[in-house]
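Following: one structure in structure tokens, then a few remarks.
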Amino acid sequence: MAEPIKIGGKASSKPDCIIYSTPASRNAKLKELTIAEELLVDALQRGVAEKLTAEIFDPATAGGYDLYRYTTRYVRKGLYEAGWELSDSNNIALVRDPAEGTVIIVCSGDHQTGQLVGDQPKTKRSKGDLFLEVSEIVATDLFGDDEVKTRHVALPDAKVWLLLHYHVVDRGQQILRAELSRPLEANDGMITQWSERVILHVPLPDAMADDEPANDEGPVITPDVEIRF
């Protein structure tokens, strides 16, 4: 069985991050979390399908909100039916495994979501202090300053995972990428570093895959990493 990739460590200034990208390693990690990959894929596809129903007469944010709304609905519905608990603490919709304490929260990521090359992904928008509190995040001033910018956001045994999604339509071509990842650090409210990343394979709802990078992604930056197999 292919082993997950580990980046960071002594050869890099970045924290350690374990990446599960092969089918075998991804399936093993999701099985450990008692989450069916098919459930996550189906929820994301339903969310994208709803996003694509948005029209020019809708508010500009309608499509993006529908993607979040329906993906969240079907992730929570599927896991609730599997025995997980629903929570809307501080108006943040999440679902929690009562046996293991694992928490899943859906949110949008930037263009690095689901990518192995380049920087780690970031949450698309600032998550704010309420999100950090709900996510069992411990705010730590790493530099002793009064104004906290970089925070070590998760204890080693924290079990909060974010279902990051990235979907764009560029010149009629769709790109959809996603991952289930465990946050580690936040900078100015946005999650920027992860301790574990499960790269998901999510075909477009119509099964028409497009693996070409979006034109808005900018240059690819290759990080200084130590890769172990």
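Values as computed for the structure displayed
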| quantity | calculated |
| --- | --- |
| Interchain or long-range residues, amide H under 5 Å from residue 112's placed H | 122 |
| In Hz, Karplus ³J(HN,Hα) per residue of the range 180-193 (6.51, -1.76, 1.60; θ = phi - 60°; x = Gly, Pro) | 10, 9, 9, x, 10, 9, 10, 10, 6, x, 9, 6, 10, 9 |
| Sparsely packed chymotrypsin sites (Phe, Trp or Tyr not before Pro) within the range 50-124, loop by DSSP, other Cβ within 10 Å at most 10 | 57 |
| Over 26 Å (Cα to Cα) - which of 77/159; 31/159; 51/159; 29/51 fall in this group | 51/159; 29/51 |
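Where a number appears in this text, it was derived from the coordinates with a stated rule and is not lab data. Quick caveat, the model's predicted, so the values are computed rather than measured. Note that we place each Cβ from the backbone using ideal geometry, even for glycine, and neighbour counts take in every protein chain shown.
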